[in-house]
Amino acid sequence: MITETPQGQTGSRVANQTRISPEGTDPGTDPAVDLGAVLAETNVLEVLDQLDHDLVGLEPVKTRIREIAALLVVDRLRAEVGLASDRPSLHMSFTGNPGTGKTTVALRIADILHRLGYIERPHVVACTRDDLVGQYVGHTAPKTKEVLKRAFGGVLFIDEAYYLYRPENERDYGQEAIEILLQVMEAERDRLVVVLAGYRERMDEFFRSNPGMSSRVAHHIDFPDYSATQLIEIADLMLDTQSYQFSNEARETFVEYLELRLERPRFSHARSVRNAIDRARLRQANRLFEQGGTLTLEQLKTILPEDIRKSSVFAHEGDSQSEG
């Protein structure tokens with residue numbers, strides 16, 4: 001399923017504007033550019049600060065994004081004083097388990113690239129194999145080109161990109177989509193940034209099997225798993241955003257929930273935390289509905305232990321497939 005995520009229309013294509021300081025205009029002196037002016041004009045630091053606010057942990061990821069932002073800012077400054085500077089390769093690979101912030105970081109990357117003039121629109125088109133690969137001869141190329149058309153000017157985010165390559169099936173059309181992507185990533189890199197995402201081991205195998213794709217990806221960023229402490233912090237942030245809160249006892253119960261849930265398959269970190277909170281809200285609403293009468297603000301916003309303990313994770317502690 002294709003998901004197109006527009007960003008706010010902040011920033012502009014200003015890469016050709018020059019901010020050479022007066023001391024750099026005299027003959028015989030080195031030209032100088034104002035880094036602060038570029039940062040103030042593009043508000044790149046605001047986006048980086050927002051990334052810090054939105055994502056708990058993930059320090060290696062945040063550090064790498066800041067490094068990329070610094071490279072692009074300095075690249076602009078070099079161009080403004082006439083230093084030769086080819087457009088840097090911006091295609092990326094995000095590896096890690098589900099729910100570790102890959103999509104959120106892609107959105108912030110699109111915002112940064114737009115503010116600095118490297119893409120026309122601050123939007124992300126997210127897709128999977130099903131959006132790119134057809135079911136019969138002649139079907140794949142039009143599907144892939146249609147997705148690319150929608151993504152031009154922004155960022156194309158391909159989730160679980162390794163599913164494009166199925167060497168065990170000689171009649172699979174995924175290779176055709178890969179060939180089209182390779183051509184576009186090289187010939188149209190001024191118009192499109194491609195982010196390939198998925199589990200690390202599978203992505204490593206995908207790149208080994210498709211060296212042409214690997215050579216076009218400049219930035220490989222690995223997203224570490226969240227710790228239990230970080231997951232609690234994420235839960236608190238999610239609740240606060242929606243004007244909810246745990247009671248002290250409920251927070252302890254949620255810690256128990258996470259300890260059990262972490263041992264089960266298909267755990268998706270922040271995504272699983274969000275799902276658990278949604279179900280806790282559902283149980284809280286049902287509890288208040290059955291209670292009836294006058295409800296206080298505190299009651300309306302507080303999640304209690306029973307809203308969590310009714311989860312099937314507690315009811316079926318021996319069931320490794322249970323999440324609810």
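Scoring L295 on the criteria (1) among the aliphatic types (A, V, I, L, M); (2) out of contact with any Phe, Trp or Tyr (no Cβ under 9 Å at 6 or more places or on another chain); (3) within 27 Å of G101 (Cα to Cα) leaves a single failure, condition (3).
One line per residue, one yes/no per condition, for (1) more than 19 Å from the chain's Cα centre (by Cα); (2) among the β-branched types (V, I, T); (3) crowded, with 17+ Cβ neighbours inside 10 Å; (4) over 21 Å from R200 (Cβ atoms):
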| position | (1), (2), (3), (4) |
| --- | --- |
| A218 | no, no, no, no |
| I221 | no, yes, yes, no |
| P224 | no, no, no, no |
| T229 | yes, yes, no, yes |
| I232 | yes, yes, yes, yes |
| Y244 | yes, no, yes, yes |
| R251 | yes, no, yes, yes |
| E259 | yes, no, no, yes |
| A270 | no, no, yes, no |
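Restricting attention to segment 64-93, the residues that are loosely packed, with under 14 Cβ neighbours inside 10 Å, at pLDDT 90 or above and not aliphatic (A, V, I, L, M) total 1. Of the set (1) among the hydroxyl-bearing types (S, T, Y); (2) assigned to a loop (DSSP other than H, G, I, E, B); (3) under 30 Å from D75 (Cα atoms), all apply to S214 but (2). If I filter segment 154-174 down to residues being surrounded by fewer than 16 Cβ atoms within 10 Å (Cβ to Cβ) and of a type outside the set (D, E, K, R), which single residue comes out as modelled with the lowest pLDDT? If we take residues in segment 154-174 being surrounded by fewer than 16 Cβ atoms within 10 Å (Cβ to Cβ) and of a type outside the set (D, E, K, R), then N169 is modelled with the lowest pLDDT.
Residues in segment 146-185 that are touching a Gly at 6+ places or on another chain (Cβ under 6 Å), touching a residue at least 12 places away in the same chain (Cβ under 8 Å), over 12 Å from D131 (Cβ atoms) and in a loop (DSSP other than H, G, I, E, B): Y165, Y173.
Could you go through segment 240-254 and let me know if any residue there is modelled with pLDDT under 90, over 24 Å from L107 (Cβ atoms) and outside any helix (DSSP H, G or I). Scanning segment 240-254 turns up no residue that is modelled with pLDDT under 90, over 24 Å from L107 (Cβ atoms) and outside any helix (DSSP H, G or I).
The values are calculated or read from the model by the stated rules, or taken from the named source; none is laboratory data. Everything numeric in this text was worked out from a predicted model, so none of it was measured. Note that we place each Cβ from the backbone using ideal geometry, even for glycine, and neighbour counts take in every protein chain shown.
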